[in-house]
Amino acid sequence: MLRTALLCIAMLLGGWAAAAWLTLDFQVWTDEGARRLEVALRPTPAPTTVLQESDGARADLPALLAGNGATIVDFFYTHCETVCLSLGSSFQQLQAALTLDAGRGEDSGVRLLSLSFDGARDDAPALQRYARGLNADARLWRFARVPDDAEQRSLLARLGVVVIPDGRGDYEHNAALLVFDRAGRMRRVFDLAEQQLALDYARHLARSGAP
């Protein structure tokens, strides 16, 4: 009986150790949770990626991010009829809050950037139409795509954005609000339901002048 008890204890300890390792000492239980913890502990620099904005101009992503105190970024595509609608609504609310900041003479330094991962369809005119439909203010909220497929794959992989074609012209993809500092580093990842937290954190980054 003693041998059985010792064996059970050993198995429990082994299971506990494995769970601790897999969940980073029980801090996370999902791949997405692990990604968010990793970003919080070790900010992720945005790779050098050439974007095409909705006005047709080309811009380097790190340089574009460096022009702001902080930037909240999302990934979408214009033909999406599911989660991207929620992303658009969330960014509209964020834009309204930033507009109020500016109206009080308190420019927060926070800007919004929506990046399409459907570069084949979302050219500059398509992005312009989409931005108009959301009443986006170009001074606060910009839209862009990554024209080069290899650069787009690299960007998505670096930032942990999962995009899977469904074979019918649409995509399955994760949705989140990514907050970058002026050095072009992704500092936090927030759920859609945490848009106020994302905004508050971005305001803090901008005010602190991080890094």
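The values are calculated or read from the model by the stated rules, or taken from the named source; none is laboratory data. Here the structure is a predicted model, which means the values were calculated and not measured. We place every Cβ from the backbone using ideal geometry, glycine too, and count neighbours over all the protein chains shown.
Just a few scattered comments:
Matching residues to (1) crowded, with 20+ Cβ neighbours inside 10 Å; (2) more than 17 Å from T71 (Cα to Cα):
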residue	(1), (2)
R121	no, yes
P125	no, yes
Y130	yes, yes
G133	no, yes
A144	yes, no
D149	no, yes
L155	yes, no
E172	no, yes
R207	no, no
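- Taking helices (runs of 4 or more DSSP H) as the structural unit, those lying wholly within the stretch 1-102 and holding at least 1 residues that are surrounded by 12 or more Cβ atoms within 10 Å (Cβ to Cβ) and modelled with pLDDT of 60 or more correspond to 31-41, 61-66.
- Complete set of residues in the stretch 132-146 that are touching an Asp or Glu at 6+ places or on another chain (Cβ under 9 Å) and not basic (K, R): A138, F143, A144
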